[in-house]
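The values are calculated or read from the model by the stated rules, or taken from the named source; none is laboratory data. Since the model is a prediction, treat every value here as computed from it, not as a measurement. Using ideal geometry, Cβ is built from the backbone for each residue, glycine included, and neighbour counts are taken over all protein chains shown. Ligands, DNA and RNA are excluded from the accessible area calculation, which covers all protein heavy atoms including side chains. Shrake-Rupley method; radii C 1.70, N 1.55, O 1.52, S 1.80 Å.
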Amino acid sequence: MTDEQADPLSRAREVVRRIDTQPRLLAAARRLRQRLPGDDKFGDPLSTAGLKAVQVVARGVSALQPDRDSLAQELGFAGLQLWQSLSEATGRGRGDDPLAVLFTDLVGFSSWALKAGDAAVVELLRQVGSAVESTIILHHGLIVKRLGDGLMATFLTAQEAVEAALDAQQALTQVEVDRYRPRMRAGVHWGRPRKLGGDYLGIDVNIAARVGEAAKPGEVLVSEIAASQLDPIALRTGRAKRLRAEGAPRELHVMPVSRA
């Protein structure tokens with residue numbers, strides 16, 4: 001390439017770079033994002049974590065100009081923000097609608113695992129995963145993440161969340177590995193968790209986790225607001241008590257639930 005050919009290309013690249021970093025255009029693009037539906041901060045590591053197409057594409061856009069503000073990047077995120085918002089609006093409880101949040105874990109698992117060895121632990125987790133996750137899917141739940149010997153899931157109703165937890169506990173009665181019969185505890189709370197990327201965050205997620213931790217072996221514990229939505233013909237709730245747990249509101253009450 002001759003110098004005569006290179007100079008016009010260099011000048012063109014410089015013009016594009018100046019436009020791409022023009023403060024007024026960047027400010028206009030950011031104002032546009034604030035007016036569009038969806039998360040106008042979409043593009044940060046929290047919001048793009050996950051395997052959905054919009055999140056994978058967003059990570060690629062994030063890598064375009066990592067060292068400077070970029071108009072092209074902002075406009076790219078604007079389109080992805082709109083895509084994400086539309087997909088959430090047509091999806092199952094992925095916008096700002098209230099959801100039931102379920103947390104589960106196995107009681108005594110860690111102590112048993114230390115003695116059982118890796119092969120037995122892996123086999124148990126496979127059987128537990130098959131039993132628990134199938135009931136969640138059957139009750140139209142969405143598995144948000146797996147947490148070692150437990151998981152977090154969301155449901156459109158508290159009734160479905162509790163039914164799934166009770167069915168999962170029943171399914172686990174058929175599981176035994178190396179003389180260990182897993183006993184699952186579960187907690188359900190109703191609220192408005194904030195969806196970021198492939199995860200849910202916020203106060204209501206923390207409360208649901210605390211409710212789950214307070215449950216006894218083989219118990220499904222629900223917050224008072226979740227209990228108020230349950231069908232009293234199908235499910236029976238026990239006596240309410242105040243949840244004494246760090247990170248939970250002082251006025252929060254919980255109660256066990258079982259089949260009627």
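Annotations
- For a straight C-alpha distance cut-off of 14 angstrom, the aspartates and glutamates reachable from K195 (same-chain residues fewer than eight places away being disregarded) are D39, D40, D44, E88, D96, D97, D204.
- Normalised alpha carbon radius of gyration of segment 91-210 [divisor 2.2 N^0.38 Å]: 1.07
- D39 accessible area, assembled protein chains, probe 1.4 Å, Å²: 30 Å²
- Here K241 is the anchor, and the aspartates and glutamates within straight C-alpha reach of less than 17 Å, apart from those fewer than 8 places off in the same chain, are E213, E219, E224, E251.
- Here the calculated FRET efficiency for R179 and R236, from their Cβ-Cβ distance with R0 = 35 Å, stands at 0.60, rounded to the nearest 0.05.
- Taking the Cα centre of segment 115-260 as reference, the dipole from Cβ charges on Lys and Arg (+1) and Asp and Glu (-1) amounts to some 460 debye.
- Seen from L138, the other residues with C-beta closer than 11 Å to its C-beta sum to a net charge of -4, counting Lys and Arg as +1 and Asp and Glu as -1.
- Neighbourhood charge, 15 Å Cβ-Cβ cut-off, centred on V162 and excluding it, Lys, Arg +1 and Asp, Glu -1: -3
- Sparsely packed loop sites in segment 145-202 (the GluC sites (Glu not before Pro) outside DSSP H, G, I, E and B with at most 12 other Cβ atoms within 10 Å) comprise E176.
- Area projected by the alpha carbon convex hull of segment 138-198, averaged over all directions, nm²: 4.9 nm²
- The coefficient of translational diffusion for segment 160-260, derived via Stokes-Einstein from the alpha carbon Kirkwood radius under 10 °C and 1.306 mPa s, stands at 111 µm²/s.
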